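> I'd like to ask some things about the structure below.
No value in this document is a laboratory result; all are computed from the given coordinates. This structure is a prediction, so every number in the text was calculated from the model and none was measured. For neighbour counting, all protein chains shown are included, and Cβ atoms are generated from backbone atoms with ideal geometry for every residue, glycine included.
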Amino acid sequence: MSMQAQLDRRAAVAALLKDRNDTLVVSGLGSPTYDLHSVGDHDGNFYLWGAMGGAALIGLGLAQAQPGKRVLALTGDGEQLMGLGGLATIGVARPRNLDIVVIDNQHFGETGMQASHTGRGVDLTAIATACGFAATGIARTIAEVERLAAQIAAPGEGPRLFVIKVLAENPPRSLPSRDAVFIKNRFRAHLGFAAA
Amino acid sequence: MHSPQPNLETRSSDDWPSELYRVLKAADVRQMSYVPDAGHSQLIRLFSADRDVTTNVLTTEEEGIAIAAGAWLGGQRSVLLMQSSGVGNCINMLSLSAIGRFPLLMLVTMRGEWAEFNPWQVPMSRATQPSLEAIGLKVMRAETPEDLVETVESAAALAYESDQQIAVLIGQRLIGKKKW
């Protein structure tokens with residue numbers, strides 16, 4: 001289980017989002033936000049720079065408001081570990097259009113690469129299964145990420161959580177706007193809602 | 001963290017939960033999330049029976065702050081119910097509402113301030129309003145059923161029409177003494 005991950009996180013996220021179509025994406029603070037921006041800014045992206053533990057739950061509120069759209073919460077192992085209770089809430093809510101993808105480098109990459117719980121035996125997919133998620137899985141190669149992208153393009157029976165094991169490294173940062181009001185209004189305009 | 005909730009003394013003349021439900025429906029609230037409190041039990045039942053409102057039971061209150069932001073991104077209005085002890089759990093997540101100027105309406109039943117039996121409720125009760133104000137929320141407070149309904153109506157307009165982040169504190173005196 002403790003094999004060293006070799007996958008490059010940017011290549012993994014690029015493969016995951018290559019054919020995103022109209023999927024709405026919420027990214028967790030730190031590297032997942034930079035990863036999401038690195039594959040191209042998009043009006044259907046909401047980037048977090050804080051609110052640690054909230055990415056999947058923002059995804060839940062969004063998925064419930066937009067049942068006809070696919071919603072992806074793209075986050076990191078540290079961010080999701082802070083929101084473990086939220087997996088129980090999402091499991092109970094059982095949205096059919098929400099997927100959580102954890103880019104798991106098994107470290108707190110933003111703060112000096114301290115080892116996280118997922119590198120010490122904690123299995124987020126097992127927790128999601130125990131919370132009633134409809135599907136889970138772990139991808140370790142680009143081919144597996146490509147299969148995952150195809151899987152999440154099709155509707156689920158309920159929420160799904162997938163882990164992509166990646167190499168622990170910090171690629172050059174790709175920084176989206178830090179102005180949350182701008183990003184929020186741009187996102188809502190993308191869905192046809194006017195700013196206040 | 002939360003105390004068990006025995007029955008409340010009921011005052012049948014004060015059907016403020018039904019009035020709050022009416023006001024929130026009129027404000028087009030489509031999502032409701034909660035950590036239970038006895039003072040909110042009737043409102044929780046009313047929303048849970050409403051097929052036009054998506055209801056989420058939370059493991060901890062800050063989850064509801066994130067859900068409310070997501071709901072707004074997707075074009076829906078959300079309300080969050082909790083008791084005062086839960087406010088302490090929310091503080092960092094409230095950064096999201098504050099910096100993103102997301103409409104937020106929290107209805108907070110107060111514990112630890114009026115005929116309270118459980119001393120463990122008192123410290124967070126004292127910290128509730130100052131900590132909410134410190135993170136940037138507007139705090140409104142009601143002590144009578146009539147005032148509460150009007151306050152929530154006004155708070156809903158401020159939140160959803162003017163992009164404000166509002167906590168309405170519902171005085172423990174209004175909710176009634178808890179039987180032990």
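> If you rank B:TRP114, A:TRP49, B:TRP16 by fewest surrounding Cβ atoms within 10 Å, what's the result?
B:TRP114, A:TRP49, B:TRP16
> So, how do all the Cα-to-Cα distances of chain B break down into 5 Å bins, in percent, from 0 on up?
Computed distribution, short to long bins: 1, 9, 19, 24, 22, 16, 7, 2, 0.
> Given a cut-off of under 8 Å on Cα pairs at least six residues apart, what relative contact order in percent is computed for region B:16-175?
The value is 24 percent.
> Computed over the Cα atoms, what is the radius of gyration of the protein assembly as shown divided by 2.2 N^0.38 Å, N being its residue count?
1.00
> In whole Hz, what ³J(HN,Hα) sequence does region A:20-29 give by Karplus (6.51, -1.76, 1.60; θ = phi - 60°), x for Gly and Pro?
6, 6, 9, 4, 8, 10, 10, 10, x, 4
> Send over the semi-axes of region A:58-196's equivalent ellipsoid, whole angstrom and largest first, taken as the square roots of 5 times the C-alpha gyration tensor eigenvalues.
Its equivalent ellipsoid spans semi-axes of 25, 21, 15 Å.
> So what is log10(I(q)/I(0)) for region B:73-122 at q = 0.21, 0.29 1/Å, when the Debye sum runs over its Cα atoms only?
Those come out to -0.82, -1.16, one per q.
> Sticking with this structure for a sec: Identify all aspartates and glutamates with a Cα-Cα distance to B:LYS138 below 19 Å; exclude those on the same chain that are fewer than 8 residues away in sequence.
Here the aspartates and glutamates satisfying the reach criterion relative to B:LYS138 are B:GLU61, B:GLU62, B:ASP147, B:GLU150, B:GLU153, B:GLU161, B:ASP163.
> Given only helices, namely DSSP H runs of n ≥ 4 each adding -39500 (n - 2.57), what is the per-residue ellipticity at 222 nm of the protein assembly as shown, to the nearest 500 deg cm²/dmol?
-12000 deg cm²/dmol
> In what sequence do A:ASP43, A:ASP77 fall when counting other Cβ within 10 Å, fewest first?
A:ASP43, A:ASP77
> Would you work out the relative contact order for chain A, in percent, from Cα pairs under 8 angstrom that are 6 or more residues apart?
With pairs under 8 Å counted, the relative contact order is 27 percent.
> Now a separate question. What does the charge count near A:VAL181 come to, summing +1 for each Lys or Arg and -1 for each Asp or Glu among other residues with Cβ under 12 Å from its Cβ?
Summing Lys/Arg as +1 and Asp/Glu as -1 gives +3.
> Which order do B:GLU150, A:GLU157 fall in if you start with the one that has the fewest other Cβ atoms within 10 Å?
A:GLU157, B:GLU150
> List the aspartates and glutamates whose Cα sits under 15 Å from the Cα of A:LYS69, skipping any in the same chain fewer than 8 residues away.
Cα-Cα hits under 15 Å: A:ASP19, A:ASP22, A:ASP43, A:ASP99, A:GLU157.
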